[in-house]
Amino acid sequence: MLLIPEGFAPLAAPSSAPRGSDEWWMHHLSKKLAQRLPQIHRNEQWLQGTPPLPYPDKGGNFRQLQRLASLNLAQLITNARLHRIQLQTFQTAVDDSTDGDDEVNRLLRTADGKHQLRTALRWMAGLSVGYLLVDHIDPAEGSVGGVRITAEHPSQMIVEPNPSDAARPLAALKVYRDEVNDRDVAVLWRPGYTRTAVHEGPTILPKGPAKNWRLHPGMWALEDEPTEMPVGYVPVVELPGQEGQSCFEQHIPTMERINHSILQRMILIALQAFRQRGLKGAPRTDPSTGDEIDYDAIFESDPGSLWILPQAVEIWESGQADITPVLNAVRDDLKHLAAVSNTPLYMLAPDAANESASGSDLKREGIVFEVEDIILGISGRLVAAISTALQLAGFPDRADPASIRASWADPRRSSLTERAEAGRAAKEAGVPWRTRMEKFMQLSPEEIAAAELQRSQDALLEQIAVASDG
């Protein structure tokens with residue numbers, strides 16, 4: 001029986017919902033979300049180190065053996081990119097200083113913006129897509145400025161892209177479980193307003209990759225009137241992965257092959273824990289009685305037992321199989337995976353850490369270029385999210401997306417020695433001080449501001465020392 005709260009009405013069926021209506025959008029987006037769930041579920045399994053088992057699950061020790069043979073390469077590939085994507089500041093038309101707009105920095109701190117952005121980027125890199133929701137709430141709820149920025153999991157959120165503006169979708173839908181009120185909730189965002197549908201009672205949301213799941217009209221109730229928003233567009237930003245995939249998704253067959261080779265090695269080792277023994281030249285029956293001889297009872301495997309053998313009988317013992325080819329095959333597959341995924345080899349194979357510096361730099365270029373492409377693809381969308389946050393926080397003069405610029409750390413991530421050498425060479429070439437600190441020393445805007453203050457203090461102390469000597 002459908003429980004209908006006050007102010008709600010039964011959700012219309014897809015066949016009776018006019019195209020473009022709120023009911024139509026809910027059915028359309030829930031269908032898209034369900035179709036994507038298998039991809040999200042599979043990527044999450046790999047990212048958590050629990051990929052599908054190579055062989056059918058028969059339980060017991062063999063299941064445990066297969067789990068032990070799983071190498072979490074998906075997380076390594078994801079982190080190799082994520083750790084190079086570091087947002088520093090946002091600059092606006094009102095405050096374009098190198099340390100970023102002070103109001104934007106305050107907003108990100110109070111709304112936990114950088115942590116939420118980091119979470120959305122992790123889901124983008126590891127699950128194929130991430131979402132940022134910029135919401136307007138009552139300041140009495142604890143958010144300074146009435147702004148809340150949250151990362152939304154791709155198993156709960158879906159958007160309909162806008163062909164004319166990738167940062168402003170046509171519609172968005174979030175489906176989640178509200179345990180406190182014992183209900184399932186579906187929230188639809190449309191330009192200028194939101195509308196909510198609920199299912200009262202035990203959850204009917206999908207668990208796992210339920211591809212055929214839908215918002216069943218006989219189980220959901222839709223609120224009668226929409227809720228207006230302060231902005232006239234959908235405040236959800238989608239951060240898609242490259243080509244709609246996670247960083248490791250197209251390399252799953254290679255990772256499966258590596259895990260399979262590791263499993264075969266472990267099986268070989270397990271099967272050879274006890275060597276096989278045999279007797280050469282021993283009779284099978286007793287010559288005096290004709291009965292079959294029970295050699296298992298005679299040759300008891302015990303450290304204190306003593307075996308007496310006839311002169312013509314020899315004991316044979318099996319040898320250990322050589323697993324070196326299996327180990328080499330895994331190493332070769334790791335090298336191939338590093339090459340095709342643009343991941344530094346030393347992250348996948350620790351014994352490659354001693355390679356030459358020049359060779360390491362060449363292998364690092366691939367991932368640097370890839371990270372630069374990722375940053376280029378998401379910068380405009382993050383600017384749109386910050387623009388919405390500034391608009392909701394009451395700073396319309398700073399909220400123009402055309403005047404907001406995102407500043408990112410250099411994805412090359414040079415060592416301290418490399419940066420010091422680059423800074424020295426730039427100084428000899430006459431590069432200005434601030435440019436040296438930013439481009440060659442790779443300091444953050446906050447570090448540059450602190451260094452500039454210390455530089456002024458050092459200059460003042462030096463003048464005082466010169467005056468004292470005079």
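The values are calculated or read from the model by the stated rules, or taken from the named source; none is laboratory data. Computed from a prediction, not measured in an experiment: that's the story for all the values here. Ideal geometry is used to build each Cβ from the backbone, glycine not excepted, and the neighbour counts take in all protein chains shown. Surface accessibility is based on the protein's heavy atoms, side chains included, excluding ligands, DNA and RNA. Shrake-Rupley method; radii C 1.70, N 1.55, O 1.52, S 1.80 Å.
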Qualifying positions in region 249-263 - open to solvent by 60 Å² or more (accessible area, probe 1.4 Å) and either in contact (Cβ under 8 Å) with a residue 40 or more places away in the chain or of a type in the set (D, E, K, R) (or both): 256, 257, 260
Residue that is modelled with the lowest pLDDT [pool: residues in region 79-97 that are part of a loop (DSSP other than H, G, I, E, B) and either crowded, with 19+ Cβ neighbours inside 10 Å or not acidic (Asp, Glu) (or both)]: 97
Yes/no for residue 246 being open to solvent by less than 30 Å² (accessible area, probe 1.4 Å), assigned to a helix (DSSP H, G or I) and touching a residue at least 12 places away in the same chain (Cβ under 8 Å): no
Residue match in region 447-469 (condition: closer than 23 Å to residue 91 by Cβ and assigned to a loop (DSSP other than H, G, I, E, B)): no
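Please state which one of 364, 412, 398 is of a type in the set (Lys, Arg), crowded, with 16+ Cβ neighbours inside 10 Å and at pLDDT 85 or above.
After ruling out the rest, the residue left standing is 398.
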Scope region 188-222; condition in a strand (DSSP E or B), open to solvent by less than 30 Å² (accessible area, probe 1.4 Å) and in contact with a Phe, Trp or Tyr (Cβ under 8 Å, 6 or more places away or on another chain); matching residues: 188, 197, 198, 199, 221, 222
Number of positions in region 199-213 that are within 30 Å of the chain's Cα centre (by Cα) and closer than 19 Å to residue 3 by Cβ: 3
Options 121, 76, 107; residue that is open to solvent by 40 Å² or more (accessible area, probe 1.4 Å), aliphatic (A, V, I, L, M), in contact (Cβ under 8 Å) with a residue 12 or more places away in the chain and in a helix (DSSP H, G or I): 76
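Could you run through region 167-186 and say how many residues are farther than 15 Å from residue 155 by Cβ, open to solvent by less than 50 Å² (accessible area, probe 1.4 Å) and out of contact with any helix residue (DSSP H, G or I) (no Cβ under 7 Å at 6 or more places or on another chain)?
Going through region 167-186 one residue at a time, the tally reaches 2.
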